1. In nm, to one decimal, how far is the Thr20 label point from the Leu35 one, both placed 7 Å along Cα→Cβ?
2. Can you give the local net charge around Tyr36? Use residues other than it whose beta-carbon is closer than 14 angstrom to its beta-carbon, Lys and Arg +1, Asp and Glu -1.
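Coordinate-derived values only; no laboratory data. This structure is a prediction, so every number in the text was calculated from the model and none was measured. Quick reminder, even Gly has a Cβ in these numbers, built from the backbone with ideal geometry, and neighbours come from all protein chains shown.
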Amino acid sequence: MTDRIIEVHSDGGGGSGALTVLAVVFGLIVVLAALYFTGVLRRGPAKHEIDININKPGVVLQLR
């Protein structure tokens, strides 16, 4: 039986695939951060405003 020699040649593109994956993950993080800080992903109102007027009493007493 004769032995066969098989040569495998690669173009060296393994690093390129890893960089593409990192770029996609980084892009997703940027998009999610932008959506969060613009208020799209938050639950409920972003600010709670309480109006307190100390010159107006809450209970009115009517004396006759």
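1. With each label placed 7 Å out from Cα toward Cβ, I get 2.4 nm.
2. Working: positive: Arg42, Arg43; negative: none.
With Lys, Arg at +1 and Asp, Glu at -1, the neighbours total +2.
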